[in-house]
Amino acid sequence: MNIIVAGAGEVGSSVARHLVHEGHDVTVIDRNPDRTAKIAESIDVLTYTGSSASMKVLREAGVTKADLVIAVSNNSEVNLLTAVIAKQLGVKSAVARTSDADHVDATVGFSTDVLGIDLVVCPDVLTAAELVQVVRSRGAVAIERFAQNRVELIQLTVGAGTAPTQHKLRDLTLPRGALVAAVLHDDELIVPTGDDVLHTNDDAFVIGRVDVIEQIEAIFGKRRPRTKRHIILFGGDLLARAVIRGLRDENARITVIDRKAAVCQALAAEVGVNVVHGDATDGELLKEEGIEHADFFAALTPEDDLNLLSTLLAKQLGARRTLALVQKTEYASIYRRLGIDATICPWLLVANQILRYVRPSELISLSLLEGGKGEVLEFRAHERSRIVGTPLKHLDFPRGAIIGAVLRGDDAFVPAGGDAIAAGDLVVVFALPRVRDQVAKLFGERHWLIG
């Protein structure tokens with residue numbers, strides 16, 4: 001495919017890198033010549049310096065021959081205009097990133113067919129939806145749902161003295177329909193074997209049916225509070241508003257701290273929310289707001305240093321669980337080593353959603369883990385798939401990949417070695433990037449190109 005990516009920031013660079021890796025011809029447009037030069041040095045793309053909202057620039061970048069335009073700059077108006085113009089100039093599909101929540105479904109963070117644009121994605125709403133899921137869990141670092149929302153992948157930090165540190169994985173009593181698919185140990189993502197024992201502070205990626213997630217969390221020592229929870233948010237802009245809306249049905253008392261008086265005044269109209277004008281890097285202020293009794297503290301400002309400092313301080317002062325918004329994925333593992341319980345990277349969520357949209361027919365969805373160190377692939381098996389009909393133990397399934405779950409009709413299960421994939425099954429696979437193509441070949445007769 002010929003693909004144009006408009007915007008060479010974190011989102012655009014990530015999407016372009018994955019598309020190039022799968023063999024696509026990619027052209028990147030950005031107004032900043034330093035950005036276009038930097039991305040041209042790191043990956044094999046054509047670059048064009050200029051405004052993607054210009055018909056002249058789009059034509060010169062080859063839009064009339066493009067199959068897809070992905071507009072993901074930091075300017076929502078430019079992105080939407082770029083996508084609309086690209087469609088008018090004949091591009092087959094267009095995707096745009098926006099900061100306007102009114103353009104997307106408030107529950108999921110994206111919408112299709114908006115202003116003639118095939119897919120519109122809002123980072124704030126996507127991030128809020130992810131954060132709400134993390135708040136609702138016992139202690140997950142991150143959560144993804146697959147198989148028509150019947151299967152959940154949760155990332156759990158292994159606590160000292162818990163069962164996973166005392167037993168080999170083959171001897172760990174997980175509920176039926178659950179599997180440890182991957183482990184992050186010392187920044188290395190691995191697919192474990194039954195002989196492995198998890199270490200304190202490892203991150204385990206556990207996949208299972210939604211109805212057994214609470215049992216999984218209990219095995220990892222995570223406990224859901226039964227009393228009304230106190231949640232403190234630092235940063236009261238659009239993201240905090242979306243989180244507040246998402247938690248309205250929860251048994252929670254929410255406090256929002258923001259440094260801007262105007263933001264606080266606007267938030268004061270929210271029902272059931274305590275609004276404080278101040279800075280969450282001020283320990284005395286946090287104490288006044290009861291940080292030592294807080295069940296959850298989340299730093300949601302656009303500044304990584306503020307998020308890091310306030311979250312570390314909240315943890316030190318007694319907050320039970322903490323989360324920091326990060327703009328650079330390489331910070332995520334550093335934050336967790338410092339004791340922060342969870343991180344969310346908005347641009348990575350956007351990249352995931354776009355990559356899910358750009359896919360072959362066999363691939364239902366794709367999600368990146370740990371900035372691309374691992375991937376969760378959701379395939380639909382068809383009658384001609386090589387994987388169909390052969391017991392899994394007899395398949396030459398690549399090392400570095402594992403089938404996490406199968407959805408067959410209404411039944412979701414983790415397959416055993418004697419099970420065989422059937423035509424029509426929806427199959428969730430965890431894979432390291434180096435073996436992704438080998439896995440994909442098992443589900444189709446041709447090499448698929450998006451990843």
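The values are calculated or read from the model by the stated rules, or taken from the named source; none is laboratory data. Note that this is a predicted model, so its numbers are computed, not measured. Counting neighbours? That spans all protein chains shown, and the Cβs are built from the backbone with ideal geometry, glycine included.
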Review point. Does any residue of segment 297-307 turn out to be more than 23 Å from the chain's Cα centre (by Cα), in the same structural domain as Leu323 (by TED's automatic domain parsing) and modelled with pLDDT of 90 or more?
Key: no
Check your understanding: Can you name the number of the only condition in (1) more than 21 Å from Arg245 (Cα to Cα); (2) modelled with pLDDT of 85 or more that Ala147 fails?
Key -> (2)
Check your understanding: Residue check, Asp196 against (1) under 29 Å from Thr98 (Cβ atoms); (2) part of a loop (DSSP other than H, G, I, E, B); (3) free of Cβ contacts under 8 Å to residues at least 40 places away in the same chain, all met but one. Which one?
Key -> (1)
Point to revise | strands (runs of 3 or more DSSP E) wholly inside segment 1-115 containing at least 3 residues that are of a type in the set (Val, Ile, Thr) and crowded, with 19+ Cβ neighbours inside 10 Å | key: 2-6, 25-30
Exercise for review: Looking for whichever is touching a Ser or Thr at 6+ places or on another chain (Cβ under 7 Å) and of a type in the set (D, E, K, R) here; the options are Glu284, Glu303, Glu250, Glu289. Which one fits?
Suggested key: Glu289
Practice item. Determine which member of the set Arg321, Arg336 is of a type in the set (Lys, Arg), crowded, with 18+ Cβ neighbours inside 10 Å and modelled with pLDDT under 85. Key: Arg336
Practice item. Would you mind stating whether Gly283 is more than 26 Å from Ile154 (Cβ to Cβ), at pLDDT 90 or above, among the small types (Gly, Ala, Ser) and surrounded by 13 or more Cβ atoms within 10 Å (Cβ to Cβ)? Key: yes
Check your understanding: Looking at segment 265-323, which of the residues that are in contact with a His (Cβ under 7 Å, 6 or more places away or on another chain) and in a loop (DSSP other than H, G, I, E, B) is farthest from Arg337 (Cα to Cα)?
Key -> Gly290
Review point. Is it true that some residue in segment 68-85 is touching a helix residue (DSSP H, G or I) at 6+ places or on another chain (Cβ under 8 Å), of a type in the set (Gly, Ala, Ser) and without any contact (Cβ under 8 Å) to a residue 60 or more places away in the chain?
Key: no
